[in-house]
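The values are calculated or read from the model by the stated rules, or taken from the named source; none is laboratory data. Here the structure is a predicted model, which is why all the values come from computation and not from measurement. Here the Cβ positions follow ideal geometry from the backbone for every residue, glycine too, while neighbour counts run over all protein chains shown.
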Amino acid sequence: MRLEPKKIVRAVNKLHRETVVRWHSCEPDNPYEELLGTVCQQHQYNYLLWHEEDIARSPDVTDARIAMVKRAIDGYNQQRNDWIERIDEALLEMLAEAGVKPAEKARLNTETPGSATDRLSIMSLRIYHLEEQLQRTDVDEAHVERVQQRLARCRLQQADLSQSLAELLADLVAGRKMLKVYRQMKMYNDATLNPYLYKSGKKLVA
């Protein structure tokens, strides 16, 4: 994939939109390659995480199921963050292969492209499920109006974030900004760093 910021962002949004629709009728798949393959895998963990969290909030679920869901959520969230880093790593490789080097006074951004892509992924899920609400026949007009207002805000946020990501990528390609991969280093999934685990001698449950 070529380093063309606007095309990359359009491709990412298209991937998010199309896979969310497809995955609701089949098992999550990943037919993409290179950068988009990495984006798709990261998006898949957000998709799985979203639906586990739906289960966790159901009042009809047993305590045993909630425990299983909580462990699944922890695992998916760890993977989600790991793959945010892989998106940034993939972009660093693309920049290196293109011979792009940051200028001497290049600045860092508060958010990496991987983090922005993660936010776009979550927004695509939110938009899909809000659109689902508009298809319901058991709700009143007030519910529909409230959902439409939320959808409008979400679509505006999606457009603004897409523009900001395209601008960040353009700055990286031009060398005006530099990209670094910062590890999340979450502690709760590490048996050597989680006090409850290492003090009790317990092992992390997969």
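The set of residues in the range 20-53 that are in contact with a helix residue (DSSP H, G or I) (Cβ under 9 Å, 6 or more places away or on another chain), over 18 Å from Asn81 (Cα atoms) and either in a helix (DSSP H, G or I) or among the small types (Gly, Ala, Ser) (or both) comprises Val20, Val21, Trp23, Glu34. In the range 76-90 there is no residue that is at pLDDT 95 or above and over 17 Å from the mean Cα position of the chain (by Cα).
Which ones in the range 147-187 are surrounded by 15 or more Cβ atoms within 10 Å (Cβ to Cβ) and either modelled with pLDDT under 95 or of a type in the set (Ser, Thr, Tyr) (or both)? Of everything in the range 147-187, those that are surrounded by 15 or more Cβ atoms within 10 Å (Cβ to Cβ) and either modelled with pLDDT under 95 or of a type in the set (Ser, Thr, Tyr) (or both) turn out to be Ser162, Ser164.
Of the residues making up the range 158-169, none is farther than 30 Å from Glu93 by Cβ, touching a Lys or Arg at 6+ places or on another chain (Cβ under 9 Å) and assigned to a helix (DSSP H, G or I).
Here the condition is being closer than 25 Å to Val20 by Cβ and surrounded by 12 or more Cβ atoms within 10 Å (Cβ to Cβ); of Gln135, Gln78, it holds for Gln78 alone.
Among residues of the range 84-111 that are of a type in the set (D, E, K, R), those with a beta-carbon under 9 Å from a residue that is loosely packed, with under 11 Cβ neighbours inside 10 Å at least six positions away or on a different chain give the pairs Glu85/Arg183; Asp88/Lys180.
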